[in-house]
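Trainee: Could you have a look at this structure, given as structure tokens, before my questions?
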Amino acid sequence: MNDLTLPDPGVEHVRDALGDAGVYKALLESTKAIPWKIDWASKRFAYIGPQIEALLGWPQGSWQTVEDWAARMHPEDRDRVVGYCVSQSQAGVDHEADYRAMTRDGHYVWIRDVVHVVRRPDGEVDSLVGFMFDISERKKAEEELLRLHRELEQLSMTDGLTGIANRRMFDLRLENEWGEARRSGNPLSLVILDIDRFKQYNDAHGHVAGDECLKRIAGVLRGLAQRARDVVARFGGEEFILLLPDADEDAAGRMAAACVDAIADLRIPHAGAGAGIGGFVTASLGVGTARPGPDAAARAFVAAVDQVLYAAKSGGRNRIEMLEQG
Ligand SMILES: Nc1nc2c(ncn2[C@@H]2O[C@H](COP(=O)(O)OP(=O)(O)OP(=O)(O)O)[C@@H](O)[C@H]2O)c(=O)[nH]1
């Protein structure tokens, strides 16, 4: 048997029940989605569900033409949405668009308009029919998700204890500035700073005081490196790094000296063994300036400045060592 069409008793049953157009109308007007129809030739609303008034405040009868629809759209969305919907409709393509519709009292509601293009038998567009959905709640959830995402991104770039940039952020910014220095030929400097005898500080004052000391030092360093592209990062436990774009040897040396002075001004007592002069917290610093050529690697430069810091430590601490130019 070739004819696989089966009789469907259910269809007749449904037609009987909904035979009256009024039933369809009642159904359409009881949904949360708002139905509408626009006559394409005149660009006038042939119909819009009365629910529109509850949602936006504009009475059903005030929706006369597509101009009313466009005028009640957020100005930032208007050109994009109207342009898109007109071009899709002209091409006879079903489509949907999200936009902010203005309420009668001047607020905005996020709407998703889902549009079906009805064509005549000759293929010409006859009308548009669609539903408007209130998607404010969904948009609010999306925006909240975006905010959380940004916050997470921020957290993943920040040192949890001190609030300054972390190593990851430093690495990204260094890569960026290294490329910039290579292009521009401008110098780029680093200051690496390591607190002296910090193990003994913790031993003498406790870990909580140690944390507080790190926070205070991070605070003064951040206050010193103020130019827009400067980066102050926590490089390791008690090690900080300053990335100073467009700073030559003199500028970097002055910055390092300012760091030493600012830490001395904090006058944080250090009761541990081997503490610096006067029994206050001090630091050792390595400073370097690079003018990167085409083959120079940022990583090697950081390692070289770290070596200079090591020399400052082995030279007695509480001092600044500068990288030799070569
Ligand atoms: N309180 C506190 N201590 C930390 C933190 N991170 C690292 N440290 C401590 O910093 C100390 C670093 O010790 P070392 O690397 O031996 O260096 P140092 O004692 O500062 O000695 P020098 O650098 O040679 O002067 C260790 O005792 C770590 O426990 C932190 O977040 N909080």
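Trainee: What is the residue count in region 278-287 for residues that are crowded, with 19+ Cβ neighbours inside 10 Å and more than 16 Å from the ligand (Cβ to nearest atom)?
Mentor: Number satisfying all stated conditions: 1.
Trainee: Quick one: which residue in Ala209, Ala233, Ala218, Ala204 is in a strand (DSSP E or B) and within 16 Å of the ligand (Cβ to nearest atom)?
Mentor: Only one candidate qualifies: Ala233.
Trainee: In addition: Counting just the residues of region 236-254 that are crowded, with 21+ Cβ neighbours inside 10 Å and away from the ligand (no atom under 15 Å from the Cβ), which one comes out farthest from the chain's Cα centre (by Cα)?
Mentor: Out of the qualifying residues, it is Ala252.
Trainee: State all residues of region 288-320 that are within 16 Å of the ligand (Cβ to nearest atom) and closer than 29 Å to Arg183 by Cβ; if no residue qualifies, say none. Outline the logic, then answer.
Mentor: Filtering region 288-320 for residues within 16 Å of the ligand (Cβ to nearest atom) gives 305-320.
Within region 288-320, Val305, Asp306, Gln307, Val308, Leu309 qualify.
Trainee: Would you confirm whether or not region 260-277 contains a residue that is within 16 Å of the ligand (Cβ to nearest atom) and of a type in the set (D, E, K, R)?
Mentor: The answer is no, given that none of the residues of region 260-277 is within 16 Å of the ligand (Cβ to nearest atom) and of a type in the set (D, E, K, R).
Trainee: When region 183-204 is examined, which residues are found to be of a type outside the set (S, T, N, Q) and surrounded by 18 or more Cβ atoms within 10 Å (Cβ to Cβ)? Lay out the reasoning, then the answer.
Mentor: Going residue by residue through region 183-204, those that are of a type outside the set (S, T, N, Q) are 183, 185, 187-188, 190-199, 201, 203-204.
Pro187, Leu188, Leu190, Val191, Ile192, Leu193, Asp194, Ile195, Asp196, Arg197, Phe198, Tyr201 - these are the residues of region 183-204 that are of a type outside the set (S, T, N, Q) and surrounded by 18 or more Cβ atoms within 10 Å (Cβ to Cβ).
Each row is one residue, and each column tells you yes or no for (1) acidic (Asp, Glu); (2) farther than 15 Å from Ile38 by Cβ; (3) at pLDDT 95 or above.
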residue: Gln88; (1), (2), (3): no, no, yes
residue: Ala91; (1), (2), (3): no, yes, no
residue: Asp98; (1), (2), (3): yes, yes, yes
residue: Thr103; (1), (2), (3): no, yes, yes
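The values are calculated or read from the model by the stated rules, or taken from the named source; none is laboratory data. Worth saying up front: this structure is predicted, and the values here are computed from it rather than measured. Virtual Cβ from ideal backbone geometry, glycine too; neighbours counted across all protein chains shown.
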